């Protein structure tokens, strides 16, 4: 019987913080980028900026009350040491403050690309892009830092969590776009919307492909080594306790199916420069599948790490 | 160990440099806590000790007296253990054997729990090498519980902070031996300062074949064993003989 030292609140936090940090990071990069998104740059950035901080704060709420002593959470900020959790807490703390400020610059009445906050907004975006990556990457480093947990003890886990966070971020921006941006009857806005959807879906496909590569390397490393890590990896390989969740929901629903659908959507324009049309049902279904996969990824990794252990005493 | 008069580990030094003011107060407050726990000899520079334990499993009869005395020494709540005894049964009749393995915190030279602690609540005491938890600083994040390769830590269900064996510093600082050593009816446990070549533990360590648990994890445990059976249930996968481990920990297998 294995008890989970880190259970659902931690898993949910990893997912929510990753998604929110990813959304803000993507928002910041879209805002700072000249060209590409054109006129829709601001509204895409606004989507990411407005939805990003919410899951991060929700996740942080969960993680604070997962502590044995929630009232002592402030102890984390008495010092910085080299513990990934210490550095991560500082990142998270600063990220929450700045991302809320960043979101506020988009919420003020009459906020538009050239308003009086545009310099502040750009400045915050410059800081939030690396900070968001930091928040996404530290969760993976935190798990990877422990030889006592062979399943997690891999530097590539941090890369996997980062790519998954960015991909979930893009997915949440696409979802928010369907809700808030799609309705417009204006032809120019519609065409901007199509263009930004195309760019978002293309980037997401790239991120998912990267994730698949990292998962492949993660498994390959487990296969090529011997000892604790090889045995631990059995948990997600076919026949393992977590195999069905991992291959079905993480790889299948969360990565392969969205990647194939997204490629089918963007390939005609990417390769043959044909017209790109968004399909509402797919715009909702694909990001949802990605988010389900993102959550299940955290779930399988966090649980598999705790039901496996070193094999020799 | 070097003769640092100022007892600071690398991480503490780093911390002090990084956030001088606040960190200094934290260090100072923990230093006050330390000085009350142990009074260093006056005058001459305090000699740094390195406490260790040697467990001669050939003398262990698996009676759990150590576990019980530890429980009562610290009023450890039900369901969690600072010290426990595992039984290892191997083989089938007539080729069968049973071994006892008393377990506790290994007071590692390179403690992973200290590396991962985000608040500095857990640290290795420079004066005697004991890894301790400052229960006033611990936030109960359970990172150290994950990071310990020996599963020696737990979240105290009553105080909600991380807890583990601390070699009974309250007894040791008064010149006594830890409670489990004191109560062991087989005298299987030998406690002492291995930096002192004349101590009993040093003599036994150098004249006996000894092992430590999970040496591959690089933790360099300071709890040594004579005649320990390192068999693990993992060996059952080979199908050659049967290994059964009883940890005597509530709902807990060996990690």
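Consider residue A:282 carefully, then state whether it is surrounded by fewer than 21 Cβ atoms within 10 Å (Cβ to Cβ) and farther than 30 Å from residue B:216 by Cα. In short, yes. When the test is whether a residue is surrounded by fewer than 21 Cβ atoms within 10 Å (Cβ to Cβ), farther than 27 Å from residue B:98 by Cα and touching a residue at least 24 places away in the same chain (Cβ under 8 Å), residue B:202 does not pass it.
Among the residues of the range B:66-94, those that are surrounded by fewer than 18 Cβ atoms within 10 Å (Cβ to Cβ), under 21 Å from residue B:228 (Cα atoms) and either within 14 Å of chain A (Cβ to nearest Cβ) or touching a strand residue (DSSP E or B) at 6+ places or on another chain (Cβ under 9 Å) (or both) comprise B:87, B:89, B:90, B:91. When the range A:118-169 is filtered for residues that are in a loop (DSSP other than H, G, I, E, B) and buried (at least 16 other Cβ atoms within 10 Å of the Cβ), the ones remaining, listed by number, are A:145, A:146, A:147, A:148, A:149, A:150, A:151, A:152, A:153, A:154.
If you check residue B:102 against the conditions, is it closer than 30 Å to residue B:254 by Cα, in contact with a strand residue (DSSP E or B) (Cβ under 7 Å, 6 or more places away or on another chain), within 14 Å of chain A (Cβ to nearest Cβ) and at pLDDT 95 or above?
Here the answer is yes, as residue B:102 does meet what is asked.
Residue A:70 falls short on exactly one of the conditions (1) away from chain B (no Cβ under 14 Å); (2) without any contact (Cβ under 8 Å) to a residue 12 or more places away in the chain; (3) within 25 Å of residue B:139 (Cα to Cα), and that condition is (1).
Residue B:176 meets all of the listed conditions (1) part of a loop (DSSP other than H, G, I, E, B); (2) closer than 15 Å to residue B:74 by Cα but one, namely (2). Report yes if residue B:25 is in a loop (DSSP other than H, G, I, E, B) and at pLDDT below 90, otherwise no. No. Can you find even one residue in the range B:147-167 that is without any contact (Cβ under 8 Å) to a residue 60 or more places away in the chain, outside any strand (DSSP E or B) and surrounded by fewer than 18 Cβ atoms within 10 Å (Cβ to Cβ)? Yes: one or more hits.
Residues are listed down the side, and each one gets a yes or a no for (1) surrounded by 24 or more Cβ atoms within 10 Å (Cβ to Cβ); (2) within 11 Å of chain A (Cβ to nearest Cβ):
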{"residue": "B:96", "(1), (2)": "no, no"}
{"residue": "B:106", "(1), (2)": "yes, no"}
{"residue": "B:118", "(1), (2)": "yes, yes"}
{"residue": "B:124", "(1), (2)": "no, no"}
{"residue": "B:133", "(1), (2)": "no, no"}
{"residue": "B:140", "(1), (2)": "no, yes"}
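State whether one or more residues within the range B:231-241 are over 22 Å from residue B:151 (Cβ atoms) and within 14 Å of another protein chain (Cβ to nearest Cβ). Checked the range B:231-241: at least one residue is over 22 Å from residue B:151 (Cβ atoms) and within 14 Å of another protein chain (Cβ to nearest Cβ). The residues of the range B:215-233 that are surrounded by fewer than 19 Cβ atoms within 10 Å (Cβ to Cβ) and either part of a helix (DSSP H, G or I) or at positive phi (or both), listed by number, are B:215, B:216, B:218, B:220, B:227, B:233. Only one entry of B:189, B:244, B:249 meets the criterion of being surrounded by fewer than 16 Cβ atoms within 10 Å (Cβ to Cβ) and more than 10 Å from chain A (Cβ to nearest Cβ), and that entry is B:244.
Can you name every residue in the range A:194-237 that is farther than 30 Å from residue A:44 by Cβ, away from every other protein chain (no Cβ under 14 Å) and in a helix (DSSP H, G or I)? Outline the logic, then answer.
Restricting attention to the range A:194-237, the residues satisfying the condition of being farther than 30 Å from residue A:44 by Cβ are A:216-237.
Now drop any that are not away from every other protein chain (no Cβ under 14 Å), which leaves A:216-224, A:233, A:236-237.
Answer for the range A:194-237, where residues must be farther than 30 Å from residue A:44 by Cβ, away from every other protein chain (no Cβ under 14 Å) and in a helix (DSSP H, G or I): A:216, A:217, A:218, A:219, A:220, A:221, A:222, A:223, A:224, A:233.
So in the range A:173-190, with the set limited to residues that are in contact with a helix residue (DSSP H, G or I) (Cβ under 8 Å, 6 or more places away or on another chain) and in a loop (DSSP other than H, G, I, E, B), which one is modelled with the lowest pLDDT? My answer is A:184. Test of understanding: among A:269, A:277, which residue is farther than 30 Å from residue A:153 by Cβ and surrounded by 14 or more Cβ atoms within 10 Å (Cβ to Cβ)? The unique qualifying residue is A:269.
Suppose the filter is modelled with pLDDT under 95, in the same structural domain as residue B:64 (by TED's automatic domain parsing) and either in contact with a helix residue (DSSP H, G or I) (Cβ under 8 Å, 6 or more places away or on another chain) or outside any loop (DSSP other than H, G, I, E, B) (or both); does residue B:237 pass it? It is true that residue B:237 is modelled with pLDDT under 95, in the same structural domain as residue B:64 (by TED's automatic domain parsing) and either in contact with a helix residue (DSSP H, G or I) (Cβ under 8 Å, 6 or more places away or on another chain) or outside any loop (DSSP other than H, G, I, E, B) (or both). May I ask you to verify whether residue A:87 is part of a helix (DSSP H, G or I), buried (at least 17 other Cβ atoms within 10 Å of the Cβ) and within 14 Å of chain B (Cβ to nearest Cβ)? Judged against the criteria, residue A:87 is a match.
The values are calculated or read from the model by the stated rules, or taken from the named source; none is laboratory data. These numbers were taken from a predicted model, which means no experiment stands behind them. Backbone-built Cβ (ideal geometry, glycine too); neighbour counts: all protein chains shown.
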